[in-house]
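J.: Shown below is the structure under consideration.
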Amino acid sequence: MKDLTPKELGYFFPAEFAPHSATWLSWPHKEASWPGKMETIFPIYARFIKLVAEGEKVNINVADDAMKQTALIHLYKLDADLNNVRFFFHPTNDAWCRDHGPAFLINLREKKKMVVKWNYNAWGNKYPPFDLDNQIPISIANHFSLPLARPGIVMEGGSVEFNGNGTVLTTASCLLNPNRNPHLTKAQIEEYLIDYYGVSNILWLGDGIVGDDTDGHIDDITRFINEDTVVTVIESDKNDANYEPLKANLEMLQEMKLENGKAINIVELPMPSSVVYNDQRLPASYANFYISNNYVITPTFRDKNDGKALTILQKCFPERKVVGLDSTDIIWGLGSFHCLSQQEPAI
């Protein structure tokens with residue numbers, strides 16, 4: 001007899017703006033991800049943890065006690081609330097917990113939680129090895145004795161964005177890339193999204209932003225701020241390489257419908273000027289914010305549009321304080337605060 005899918009069992013993936021019981025992180029340690037800048041990211045990363053810990057638990061995957069002590073030194077300096085910080089000896093290859101971390105689903109009727117363990121291949125086998133990262137959802141589910149579903153296909157948390165009411169946004173450039181699941185058609189991938197995220201309405205955008213090595217994750221482009229509203233980044237400079245793809249995505253959003261048949265409310269968010277380091281354009285975007293219980297923690301880039309972006313987001317989140325954190329060094333790792341974190345919903 002075929003096992004029931006998470007959706008058939010009444011589970012779904014909540015929106016990020018719904019209440020969390022915790023945020024999961026994997027402490028950065030891979031020098032190759034931030035070559036020449038590894039030490040510069042820790043003060044900002046620790047500040048991120050301090051902010052999140054003001055409103056929820058922060059669970060941090062570390063390799064060993066030495067890494068835990070390193071983390072504690074940075075958190076002590078900022079007087080972070082260590083009562084809300086917990087460490088788990090789950091070694092990782094890298095720090096991008098949005099993509100290798102567990103996807104937590106909830107069943108509101110039964111007040112239960114489960115983990116979906118997607119396969120992870122470091123964005124199309126770009127950065128091996130990734131065996132330790134691929135183990136993280138299993139280790140966490142085992143630790144908490146949570147049910148574990150294994151769809152058996154590649155999926156990353158940064159490639160999907162949810163309104164918590166049945167709609168998921170994603171990009172064709174990522175999910176349909178042959179370096180992920182070449183054996184699956186678009187219709188088959190949609191079936192997995194429905195069955196294992198508990199959604200009913202799948203909306204596809206096109207390309208991601210320049211410099212994004214994930215092949216176009218949605219969390220650099222378009223984010224739900226409530227059940228019927230998104231913020232989406234636009235580029236005002238017609239000569240910028242992001243102008244056309246972001247314009248095309250905006251036009252697609254304007255034609256899309258939510259699960260209830262209604263149009264999406266769209267708030268436009270500017271892009272920062274291009275951020276270049278060692279002749280490489282980096283995927284700097286204000287859309288890579290993280291919604292914690294208390295704050296909307298937003299990457300800034302020492303750019304003229306920082307203040308404008310923070311003002312727009314503050315209007316979008318009247319119940320939370322929007323905080324900008326300098327991501328100029330962190331973005332050298334080709335991701336920011338959303339890429340580094342994965343929420344665990346409250347039930």
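What follows is calculated from the coordinates using simple rules that are stated; it is not laboratory data. Nothing here was measured: the structure is a model prediction, and the numbers come from that model. Reconstructed Cβ throughout: ideal geometry from the backbone, glycine too, with neighbour counts over all protein chains shown.
J.: Can you tell me which residue in the range 144-203 is farthest from Y290 (Cα to Cα), limited to those that are of a type in the set (V, I, T) and more than 16 Å from the chain's Cα centre (by Cα)?
T.: T185
J.: List pairs: first in the range 253-269 and β-branched (V, I, T), second not in a strand (DSSP E or B), Cβ under 7 Å, 6+ apart or cross-chain?
T.: From the range 253-269, the pairs are I264/D228; I264/L253; I264/M256; I264/L258; I266/L253; I266/Q254; V267/I312; V267/C316.
J.: Is it true that some residue in the range 65-74 is under 30 Å from F162 (Cα atoms) and either among the hydroxyl-bearing types (S, T, Y) or touching a strand residue (DSSP E or B) at 6+ places or on another chain (Cβ under 8 Å) (or both)?
T.: No, there is no match, as no residue in the range 65-74 is under 30 Å from F162 (Cα atoms) and either among the hydroxyl-bearing types (S, T, Y) or touching a strand residue (DSSP E or B) at 6+ places or on another chain (Cβ under 8 Å) (or both).
J.: Could you check L246 against (1) exposed (fewer than 14 other Cβ atoms within 10 Å of the Cβ); (2) closer than 22 Å to L313 by Cα; (3) aliphatic (A, V, I, L, M) and say which number it fails?
T.: In the conditions (1) exposed (fewer than 14 other Cβ atoms within 10 Å of the Cβ); (2) closer than 22 Å to L313 by Cα; (3) aliphatic (A, V, I, L, M), L246 misses (1) alone.
J.: Looking at (1) out of contact with any Gly (no Cβ under 9 Å at 6 or more places or on another chain); (2) assigned to a helix (DSSP H, G or I); (3) in contact (Cβ under 8 Å) with a residue 60 or more places away in the chain, can you tell me which one L193 breaks?
T.: Against the list (1) out of contact with any Gly (no Cβ under 9 Å at 6 or more places or on another chain); (2) assigned to a helix (DSSP H, G or I); (3) in contact (Cβ under 8 Å) with a residue 60 or more places away in the chain, L193 comes up short only on (3).
J.: If you don't mind, there's one more thing I want to ask. What's the number of the condition V116 fails, among (1) crowded, with 17+ Cβ neighbours inside 10 Å; (2) more than 24 Å from F289 (Cβ to Cβ); (3) of a type outside the set (G, A, S)?
T.: (2)
J.: For the range 327-337, give me each residue that is part of a loop (DSSP other than H, G, I, E, B) and surrounded by fewer than 23 Cβ atoms within 10 Å (Cβ to Cβ).
T.: T328, D329, L334 - these are the residues of the range 327-337 that are part of a loop (DSSP other than H, G, I, E, B) and surrounded by fewer than 23 Cβ atoms within 10 Å (Cβ to Cβ).
J.: For the range 81-128, which strands (runs of 3 or more DSSP E) that fit wholly inside it have 3 or more residues that are free of Cβ contacts under 8 Å to residues at least 12 places away in the same chain and more than 18 Å from N61 (Cβ to Cβ)?
T.: In the range 81-128, there are no strands (runs of 3 or more DSSP E) which contain 3 or more residues that are free of Cβ contacts under 8 Å to residues at least 12 places away in the same chain and more than 18 Å from N61 (Cβ to Cβ).
J.: Right, something else. Which one is farthest from W96 (Cα to Cα), of the residues in the range 45-81 that are polar (S, T, N, Q) and in contact with a Phe, Trp or Tyr (Cβ under 9 Å, 6 or more places away or on another chain)?
T.: Result: T70.
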